[in-house]
Amino acid sequence: MPGHFEAVPGGGAAVALDEVEISILRSLAVQLLELIGPGDEPAQGEDPLAALFAEGPSEPPEDPALARLFPDAYAGPDDDAEGDGAEERRALSAEFRRFTETDLRSRKREDALAVVRSLDGLGPRAAGGGAAVLKLSPDDSRQWLGALNDLRLAIGARLEVTDDESDELYRLPDSDPRKPMVLAYLWLGALQETLVETLMP
């Protein structure tokens, strides 16, 4: 179980995490929450049902990490150019974003909060250098999976990772300033992969 998720009887997953791993995961989840931003709570006295139909932004985020988390739904490879339906795809993407991004942000925020709450729930058991066993229900596992994926997308955007460069990440010298973030990116990928395996029937 050390370093990777394993399925537990009755559904769900478990992983042993030491104090450093807990601290890193919690810090990354909090940074993800800051990146996503606060939720839009209905004003006092406002109809909560009306908030469900509130429109979100229509333009993609300028931050590359946010753009990776909230991509255009109808983007094409040459949408910076004109013609060949690019304008129509941009209009469709804007419309889709307007009605979906708010909910998507809320879900991503809840996933990241689930990670923070789960880690905080371990309490002092992880203190003293020993490992603590984090046990997740099937629902918690899905939220963790969403948060791990979002963390990797955000970190990958910051590192400007492309599929072609994935092998190069393993060969970065220790002197490279990106090395700590690359190690976190690869570690999150391993956690994500083993968690996916626990959710397979």
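The values are calculated or read from the model by the stated rules, or taken from the named source; none is laboratory data. These figures come from a predicted structure and were not determined experimentally. We place every Cβ from the backbone using ideal geometry, glycine too, and count neighbours over all the protein chains shown. When the accessible area is computed, the model is the full protein with side chains, heavy atoms only, and any ligands, DNA or RNA have been set aside. Shrake-Rupley method; radii C 1.70, N 1.55, O 1.52, S 1.80 Å.
Structural remarks
- Spacing of the two label points (7 Å from each Cα toward its C-beta) at ALA14 and LEU92, in nm: 4.8 nm
- At the residue level, ARG178 shows approximately 110 square angstrom of accessible surface with a 1.4 angstrom probe and all protein chains present.
- Applying 1/(1 + (r/R0)^6) with R0 = 25 Å to the Cβ-Cβ distance of GLN31 and ALA67 gives a FRET efficiency near 0.90.
- One decimal place: the segment LEU104-ARG171 gains 20.6 nm when fully extended, by the rule 0.36 nm per residue minus the C-alpha distance.
- ARG158 versus TRP187: modelled label distance in nm, points set 7 Å from Cα along the beta carbon direction: 1.3 nm
- Of the residues LYS135, LYS108, the one with the largest accessible area comes first in the ranking LYS135, LYS108, computed with a 1.4 Å probe on protein heavy atoms.
- Packing-based order for 155-161, 5-11, 113-119, using average beta carbon neighbours within 10 Å, highest first: 113-119, 155-161, 5-11
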